[in-house]
Amino acid sequence: MKIMAVCGAGLGSSFMMEMNIKKVLKKLNITAEVEHSDLGSVTPDAADVFVMGRDIAYSANLPENKLIVINSIIDAKELEEKINSYFQQL
């Protein structure tokens, strides 16, 4: 399983999300590879699931079933809830 944190520029906020995703996965005892990228470089086959803020999700050309859209990229609780929900649906 590969998870990609995505932001507009692929720098600060996506890297922060990558670190937070890794913390959440460890807490939930889920093994996955996590990377970060900018929205312009993302292709549907780059990862199994993409995590991004609502502000850029509308412009992502990705299948809806491969998206975890979060309202606040700094809300660790929301991130945990949405990642947990995604993995429970698998």
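Charge tally around Gly8: other residues with Cβ under 9 Å, Lys/Arg +1 each, Asp/Glu -1 each, net -2.
When both segment 11-30 and segment 48-78 are represented by their alpha-carbon centers, they are found 13 Å apart. The simple spin-label model puts a point 7 Å past each Cα toward its Cβ; for Ala32 and Asp75 those points are separated by 1.8 nm.
Using only the alpha-carbon atoms, how far is helix 12-28 inclined from the longest principal axis of the chain? Give it as 0 to 90 degrees, nearest 10. Helix 12-28 sits roughly 20 degrees off the main axis of the chain. Taking only the C-alpha atoms of segment 1-72, Rg followed by Dmax gives 11.1, 32 Å. The charge dipole of the chain, taken about its Cα centre with unit charges on the Cβ atoms of Lys, Arg (+1), Asp and Glu (-1) only, comes to about 260 debye. In the chain, taking the dipole from charged Cβ atoms about the Cα centre, the farthest positive-side position among Val69, Leu79, Thr43 is held by Leu79. Compared with the dominant principal axis of the Cα atoms in the chain, helix 76-89 is inclined by about 80°. Over the residues of the chain, the helix contribution to mean residue ellipticity at 222 nm works out to -12000 deg cm²/dmol, using -39500 (n - 2.57) for each DSSP H run of at least 4.
The numbers here are math on the coordinates, done by the rules we state, and not lab data. Just so it is clear, the model here is predicted, and its values are computed rather than measured. When we count neighbours, we look across all protein chains shown, and the Cβ atoms used for this are built from the backbone with ideal geometry, even at glycine.
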